[in-house]
Amino acid sequence: MENKQSQNLAPVSANENDVTTWALPEGAVARLGRGREPDIALSPDGQLLAIGTAMGFWLYDLETLSPIALWETERGMVFHIAFSPNGKWIAACNSDQTLKVLDIQDGTCLREVKTDDYISGLTFSYNNQYLAAAYARSAIVEVWHAETCEPVAQFTSDTEKAGFYRPISFSPDTQLIASTSTSDTTDDAEVIVVWDMESGQQIASLTAHTYWISSLCFSPCGQFLTSGGEDGTVYVWDVSTWQQVRSYTDFGDVYRIIPSYSPDGILRAAIVNYDDTGPATISVRNLESGEQLYTDKVWGNTVQFSDADDWGNTVVFSNGSQLAYESRHEFINVWTPEHPYRRQFTHSPISFPTSAVFSDDGKTLAVEHHHEGVVLWDIASKRSRSAVKLESTGKNQFVYKTNSGKLYVASIQEDNVRLWEADRDGMPLVEGTGREYWSAFPTLAPTGTLFAYADADGTLKVWDVRNGEKCYELTHRLHEDDEADEDNKDEIRKLAFSPDGSLLASESRFTSVRLWDMERGEAINTFPVDSVGGIIGFSPCGQYLACIGEEILLWDIAHRKLHKTGLNQGPFISACRHYFVCSGDETVLYDLTRREILQQLPLPEESDRIFCAAFSPCERYLAGGAWWQEGIEKVPIYVWEVASGKQLATLRGHPTDVQDLAISPDNSLLASASYDGSILLWDLKSIIGS
């Protein structure tokens, strides 16, 4: 690409201005969110930024910070991406161990190769001749011809043990290639391994870092190799002697440090510092002079705690002058010499959605994200906003919908718990402390009147939402074991209110289930705790508490009686007022009124079971979503007619697990939330014909 005018990249879309319609699967009308973000790459000419995600990869124009293309959505699950120095190609590898080289102008796949392992590091040589990958589970580096993907060489380090990140780098003359492996002496320490491209021999094994090595780069003159480690150090090695010639420390509490040479040979580093009590700091420093070129404070669940960081790089620093990083699981921030200040654009949500619910009018979809905030999507505009507007609430949030249709959000920040009315300004309705981190999620009564959470010693704290006062502290006795470590101690694992808020069920990890009377604030002793091993939840009709025993059990609340269902083939998935569905060896629809199986829902051979389901508000239709299994490119979502059990449609759009489903009040839309970090809206009206 000679200049920005030469770019003519094509988004796969009928509507170029609406990115929610780009590359949609058949039957979908919109995609909300742009995918879990495992990798970021900047083009060498500074014109493009690529974001690899679980749903495909995006290209952004760095001048306008606008998306200009979405590619590789057929399979998605893009783990790593790399630009060629000449700007002609982009390489991408996915979770199926497939490596592709794409034409940067139109996304055409030029070459494809199947690898023997997952790739954890990917790079082109400076002369554009080679493409190299470091494997994740073995200390192997493989090299191909960039244009043909014909194999050139394969290198294995002497230790034969893969490292955590496995960065990889060619020397400027392409004579050397460097990567990392785990030290033989210490599990945490890593060594830098260097091979000669011509002879194929390992010529150096450099030891200094005491922890993971996250980045490697050669100087433009080829005289030095520089490494940055999670131990907060940068080392510079002389290539002719392989002696350490310089080290840089004193960076404070470092989470990530990425050294990079500018084209004229100046060594700089992007540094991510963390602070347990405040925001993270990301900065760019000239290591030779000590000059600070850039700094930014990042609040909330910041770059150092990114879920996506398990996949790849959420901070990238290249050419000593191009910085891009994810922040708050919502934005990408960019700094370049042409724009020497922070520029920010939305690429959200980056964490994956775990549950979704429509508002009663169908105009809003509330989506809860894993260890993140609750997002409200406006269906008409397809724009999102935070459900809680105050910045200091903490991003670990949970969404609830009451019987009256109101939406509420609970937020957790350290051991503090708050309850908010969604999408409203003002103070929280409830503020409490003492919640244990791994304890049960807070719960709100469907009436919206009571709110409960648990602390470390099994105390259930119940609050009156109407006045913000604590009304009960109930003791669910935990199993005591003085020899148990922190990971094996008993704790409250689940809490659930009955639909009318009169009962609270609590389940501990090792002991039992308890049922509590909310009018009296005391345990219900007639509940058969010896027969029940866990709770599933209250039926929406309020007649039963579904429990786990030798089979699925129904506790008849009014008659204080335990009913057997005869269903022991799998987990309980979802319920409406009259039915529930569970899926194991068979997927079964159970009639709560008659207490008998209504239908056995057939599944194709590709799916052994469904893992989430949603009934339509009219209870005439049921949608079920699967998890990914090997060999599946797109995870199926099934739609059935409840009365007949007839399968009406199979929808395919997500490359990985479907976490939750929701059907709009008028049956017009089906929303599917996926581990890929997106929510697809499907045209349900055309499926059911009404």
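The values are calculated or read from the model by the stated rules, or taken from the named source; none is laboratory data. Here the structure is a predicted model, which is why all the values come from computation and not from measurement. Don't worry about glycine lacking a Cβ; one is built from the backbone with ideal geometry, like all the others, and counts go over all protein chains shown.
Summary of values
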{"quantity": "Options 389, 363, 395; residue that is within 24 Å of residue 658 (Cα to Cα) and either free of Cβ contacts under 8 Å to residues at least 60 places away in the same chain or of a type in the set (Gly, Ala, Ser) (or both)", "calculated": "363"}
{"quantity": "Every residue from the range 496-513 that is of a type in the set (A, V, I, L, M, F, W, C) and either at pLDDT 95 or above or in contact with a Cys (Cβ under 9 Å, 6 or more places away or on another chain) (or both)", "calculated": "496, 497, 503, 504, 505, 513"}
{"quantity": "Qualifying residue in the range 108-117 (condition: hydroxyl-bearing (Ser, Thr, Tyr), in a loop (DSSP other than H, G, I, E, B) and in contact with a Cys (Cβ under 8 Å, 6 or more places away or on another chain))", "calculated": "yes"}
{"quantity": "One residue from 405, 426, 434 being surrounded by fewer than 19 Cβ atoms within 10 Å (Cβ to Cβ), farther than 21 Å from residue 497 by Cα and of a type in the set (Gly, Ala, Ser)", "calculated": "426"}
{"quantity": "Members of the range 148-165 that are at pLDDT 95 or above and either surrounded by fewer than 12 Cβ atoms within 10 Å (Cβ to Cβ) or under 14 Å from residue 136 (Cβ atoms) (or both)", "calculated": "150, 151"}
{"quantity": "Single residue of the range 358-388 satisfying the filter (among the β-branched types (Val, Ile, Thr) and modelled with pLDDT under 95) that is surrounded by the fewest Cβ atoms within 10 Å (Cβ to Cβ)", "calculated": "388"}
{"quantity": "Qualifying position, being surrounded by 19 or more Cβ atoms within 10 Å (Cβ to Cβ), among the small types (Gly, Ala, Ser) and without any contact (Cβ under 8 Å) to a residue 60 or more places away in the chain, among 229, 290", "calculated": "229"}
{"quantity": "Any hit, the range 601-609, residues being in a strand (DSSP E or B) and at negative phi", "calculated": "yes"}
{"quantity": "Qualifying positions in the range 168-191 - within 20 Å of residue 318 (Cα to Cα) and modelled with pLDDT under 95", "calculated": "180"}
{"quantity": "Residue 381, sole failed condition from (1) farther than 20 Å from residue 446 by Cα; (2) of a type in the set (S, T, N, Q); (3) in a strand (DSSP E or B)", "calculated": "(3)"}
{"quantity": "Filter result for the condition that a residue is more than 22 Å from residue 441 (Cα to Cα) and touching a Cys at 6+ places or on another chain (Cβ under 7 Å), over 562, 553", "calculated": "553"}
{"quantity": "Matching residues in the range 29-41 - criterion: being modelled with pLDDT of 95 or more and not small (Gly, Ala, Ser)", "calculated": "29, 31, 32"}
{"quantity": "Qualifying residue in the range 466-486 (condition: within 30 Å of residue 579 (Cα to Cα) and under 34 Å from the mean Cα position of the chain (by Cα))", "calculated": "no"}
{"quantity": "Selection status of residue 593, outside any strand (DSSP E or B), at negative phi, within 23 Å of the chain's Cα centre (by Cα) and hydroxyl-bearing (Ser, Thr, Tyr)", "calculated": "no"}
{"quantity": "Members of the range 524-567 that are surrounded by fewer than 20 Cβ atoms within 10 Å (Cβ to Cβ), under 18 Å from residue 495 (Cα atoms) and of a type in the set (A, V, I, L, M)", "calculated": "524, 529, 548"}
{"quantity": "Residues being within 20 Å of residue 354 (Cα to Cα) and surrounded by fewer than 15 Cβ atoms within 10 Å (Cβ to Cβ) - total across the range 599-640", "calculated": "1"}
{"quantity": "Condition met for residue 440 (buried (at least 21 other Cβ atoms within 10 Å of the Cβ) and modelled with pLDDT under 90)", "calculated": "yes"}
{"quantity": "So residue 610, is it of a type in the set (A, V, I, L, M), closer than 17 Å to residue 682 by Cα and touching a Phe, Trp or Tyr at 6+ places or on another chain (Cβ under 9 Å)", "calculated": "no"}
{"quantity": "Residue list for the range 409-423, filter: surrounded by 14 or more Cβ atoms within 10 Å (Cβ to Cβ) and within 19 Å of residue 371 (Cβ to Cβ)", "calculated": "409, 410, 411, 412, 413, 415, 416, 417, 418, 419, 420, 422"}
{"quantity": "Qualifying strands (runs of 3 or more DSSP E) (wholly inside the range 228-268; at least 3 residues being β-branched (Val, Ile, Thr) and closer than 18 Å to residue 323 by Cα)", "calculated": "254-261"}
{"quantity": "Cβ pairs under 7 Å, 6+ apart, first in the range 126-139 and of a type in the set (D, E, K, R), second modelled with pLDDT under 90", "calculated": "137/162"}
{"quantity": "Scan of the range 610-625 for residues that are not small (Gly, Ala, Ser) and not in a strand (DSSP E or B), ordered by number", "calculated": "610, 611, 617, 618, 619, 620"}
{"quantity": "Pairs with Cβ under 6 Å, 6+ apart, first in the range 423-445 and closer than 12 Å to residue 413 by Cβ, second among the aromatic types (Phe, Trp, Tyr) and buried (at least 21 other Cβ atoms within 10 Å of the Cβ)", "calculated": "428/420; 435/453"}
{"quantity": "Scope the range 641-661; condition in a strand (DSSP E or B) and surrounded by 21 or more Cβ atoms within 10 Å (Cβ to Cβ); matching residues", "calculated": "651, 653, 654, 658, 659, 660, 661"}
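Residues checked against (1) buried (at least 16 other Cβ atoms within 10 Å of the Cβ); (2) over 25 Å from residue 634 (Cβ atoms); (3) out of contact with any Gly (no Cβ under 9 Å at 6 or more places or on another chain):
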{"position": "94", "(1), (2), (3)": "yes, no, no"}
{"position": "122", "(1), (2), (3)": "yes, no, yes"}
{"position": "135", "(1), (2), (3)": "yes, yes, no"}
{"position": "141", "(1), (2), (3)": "yes, yes, no"}
{"position": "144", "(1), (2), (3)": "yes, yes, yes"}
{"position": "178", "(1), (2), (3)": "yes, yes, yes"}
{"position": "194", "(1), (2), (3)": "yes, yes, yes"}
